[in-house]
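Note sheet for the following structure.
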Amino acid sequence: MFYGSFVALITPFQQGELDEAALRKLVDFHIDSGTQGLVPVGTTGEASTLSSTEHKKVVDIVVEQCAGRLPVIAGAGSNNPAEALEYAQHAQWAGADAVLCVAGYYNRPNQEGLYQHFKYIHDNIEIPMIIYNIPARAIVDVLPQTMQRLALLERVVGVKDATADLARVSFEQQLIERKFSYFSGEDMTAVGYNAMGGTGCISVTANVAPRHCAQLQLACRNGEYLLAQKLQQQLLALHQALFLEPSPAGVKYAASLLGLCDASVRLPIVAVSQQSKTAIRQALLSLQLISTSR
């Protein structure tokens, strides 16, 4: 079972092109900082604006650089089942430990359509699969009864829950009678989600505050919720600042302040405003992640 602080990994660019050196640097940074797993080419990885070649190359690089030191859950999402399967099969071939699959956006299937989409991928790969449920982006919601059906499939082993509904994990746990990974997809509600039964978070903030996020998840796992709440309060300003404007512009700017990569994003996402830059910088300073010289 996957658990703990997994990072929704950004994809670094340099002059509009994939920055391989920075991507390898990011992988090592997370391994050294206590992150418990990597999730490349998801929403935060700007998968929607990567070419198929770039998407696969990012997975190849992350798996190779990781070299088995951390689990890699590769994004394999698409509203086109054939494309999603292509990405999932490539992730398997590359050596990823699992895939993260989202569906529904634009074509807006019903619950049976969602189930059949995910089952189609499941039936044609041999590695574990995490269902990514994010109604705000996918338009449709994978309802608990559908998640129950999906959990009966051998290789569906968990969910990334970005519904912002803290009760959802309880409803799903009533229906799913097996070990299952319950990841929050929202940094702001990560502690509450774990308190309701969650097992981790696939985090945006962990891109730039990996030690804090890993400590928070460890505290939850050990039942130390007062400590987890304290850590969450420390991270609150950073969580807020990173999402003042459409992600991942904020977290990429923060990563640039840490010297991890360039702040470049791809259209239609644009660079954050000066006001947001000031808030992000102040949040990083408050956590002592950067010095006043930056």
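Remarks
- Looking only at region 71-105, and only at residues there that are in a loop (DSSP other than H, G, I, E, B) and polar (S, T, N, Q), the one that is nearest to Gly45 (Cα to Cα): Ser78
- Flag if Tyr193 is modelled with pLDDT of 95 or more, closer than 30 Å to Pro109 by Cα and in a helix (DSSP H, G or I): yes
- If the condition is being under 23 Å from Ala254 (Cα atoms) and among the small types (Gly, Ala, Ser), then region 181-199 contributes Ser184, Gly185, Ala190.
- Residue count, region 270-294 (criterion: surrounded by 12 or more Cβ atoms within 10 Å (Cβ to Cβ) and either touching a strand residue (DSSP E or B) at 6+ places or on another chain (Cβ under 7 Å) or of a type in the set (A, V, I, L, M, F, W, C) (or both)): 10
- Subset of region 163-178 [within 18 Å of Gln111 (Cβ to Cβ), in a loop (DSSP other than H, G, I, E, B) and either under 21 Å from the mean Cα position of the chain (by Cα) or not hydrophobic (A, V, I, L, M, F, W, C) (or both)]: Thr163, Asp165
- Among residues of region 269-293, those that are part of a loop (DSSP other than H, G, I, E, B), touching a residue at least 60 places away in the same chain (Cβ under 8 Å) and either over 15 Å from Lys252 (Cα atoms) or touching a Leu at 6+ places or on another chain (Cβ under 9 Å) (or both), counted: 2
- Residue ID - surrounded by the fewest Cβ atoms within 10 Å (Cβ to Cβ), chosen from residues in region 254-269 that are more than 15 Å from Gln15 (Cα to Cα) and of a type outside the set (A, V, I, L, M, F, W, C): Pro268
- Contact map, region 211-234: first residue at positive phi, second residue of a type in the set (Gly, Ala, Ser) and part of a helix (DSSP H, G or I), Cβ cut-off under 8 Å, separation 6 or more or different chains; the map is empty.
The values are calculated or read from the model by the stated rules, or taken from the named source; none is laboratory data. Predicted model only: the values in this text are computed from it and were never measured. All Cβ positions, glycine included, derive from the backbone under ideal geometry; neighbour counts span all protein chains shown.
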